[in-house]
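Trainee: The structure follows.
The values are calculated or read from the model by the stated rules, or taken from the named source; none is laboratory data. In this text, all values refer to a predicted model and were calculated from it rather than measured experimentally. Cβ coordinates were reconstructed from backbone atoms using ideal geometry, including for glycine residues, and neighbour counts include every protein chain displayed.
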Amino acid sequence: EAQVTQNPRYLITVTGKKLTVTCSQNMNHEYMSWYRQDPGLGLRQIYYSMNVEVTDKGDVPEGYKVSRKEKRNFPLILESPSPNQTSLYFCASSLISGTGIYEQFFGPGTRLTVL
Amino acid sequence: DQQVKQNSPSLSVQEGRISILNCDYTNSMFDYFLWYKKYPAEGPTFLISISSIKDKNEDGRFTVFLNKSAKHLSLHIVPSQPGDSAVYFCAEYGAGGSNYKLTFGKGTLLTVNP
């Protein structure tokens, strides 16, 4: 089954404790991306990657890191989480066309709470 | 400044009637528009898209209209069904010369009443 998986689905942590949210896709997509969803703010892009070792900032990259060492994986790293990073996080992937990206497939989300 | 605006946070319609969800954008460089649907506790799922070279795209009960002069996008659902109740996001890519950065609106919660 074609899918995007995220782990963990739920996480409660404390300020300053480094964490990683994993994302994996089995569709051989070049493009992967991370979003956060907050009430009243919709979905905002954190980082995206167009291929292995190619990453770029989205609209809200501060406080986050990403890496793309393999095509299928795109982990999101919070080196020193803070309460304002409490949010619902989504990973997504898609193919890349000559003029842009195709429709993105989203993972089920990771609910992160930073105390 | 918000580049993709969904000014109605919620919409309620009766089953069988038409649902119209609206989206306005500010940047004429946008190339491609998409609509996503999101149920609680799930990731968004792609619904329908439209290229800026078209003014209409239809897929079953879902039709998207693009009015470039008004910088306005709308999604029509006919007939509406209770299972359509979800949050709908419009999104675009192509702004600022980047065809690889996707920007979403804040979403509209659609409730279809039986």
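Trainee: Quick check on my filter: what residues within region A:34-77 are over 18 Å from B:Lys106 (Cα atoms), crowded, with 19+ Cβ neighbours inside 10 Å and either in contact with an Asp or Glu (Cβ under 8 Å, 6 or more places away or on another chain) or hydrophobic (A, V, I, L, M, F, W, C) (or both)?
Mentor: Within region A:34-77, A:Tyr47, A:Tyr48, A:Ser49, A:Val66, A:Arg68, A:Phe74, A:Leu76 qualify.
Trainee: Just wondering, is there one or more residues in region B:37-49 that are facing another protein chain (nearest Cβ under 10 Å), of a type in the set (A, V, I, L, M, F, W, C) and part of a loop (DSSP other than H, G, I, E, B)?
Mentor: Yes.
Trainee: Give region A:41-73 a look and list any residue that's in contact (Cβ under 8 Å) with a residue 12 or more places away in the chain and away from chain B (no Cβ under 14 Å), or say none.
Mentor: Those that are in contact (Cβ under 8 Å) with a residue 12 or more places away in the chain and away from chain B (no Cβ under 14 Å): A:Val52, A:Glu53, A:Gly63, A:Tyr64, A:Lys65, A:Val66, A:Ser67, A:Lys69, A:Glu70, A:Lys71, A:Arg72, A:Asn73.
Trainee: Could you please let me know if B:Lys106 is charged (D, E, K, R), within 12 Å of chain A (Cβ to nearest Cβ) and assigned to a strand (DSSP E or B)?
Mentor: So B:Lys106 does not fit the description; no.
Trainee: Report the residue count in region A:9-60 for those that are more than 12 Å from the chain's Cα centre (by Cα) and either of a type in the set (Gly, Ala, Ser) or assigned to a loop (DSSP other than H, G, I, E, B) (or both).
Mentor: Number satisfying all stated conditions: 18.
Trainee: On the basis of being surrounded by 13 or more Cβ atoms within 10 Å (Cβ to Cβ) and among the acidic types (Asp, Glu), does A:Glu103 make the cut?
Mentor: Yes; evaluated as a whole, the condition is true for this residue.
Trainee: Going residue by residue through region B:27-42, is there one that turns out to be modelled with pLDDT of 95 or more, surrounded by 14 or more Cβ atoms within 10 Å (Cβ to Cβ) and of a type in the set (Ser, Thr, Tyr)?
Mentor: yes
Trainee: Does region B:67-88 hold any residues that are without any contact (Cβ under 8 Å) to a residue 40 or more places away in the chain and closer than 29 Å to B:Pro40 by Cβ, and which are they?
Mentor: B:Gly83, B:Ser85 - these are the residues of region B:67-88 that are without any contact (Cβ under 8 Å) to a residue 40 or more places away in the chain and closer than 29 Å to B:Pro40 by Cβ.
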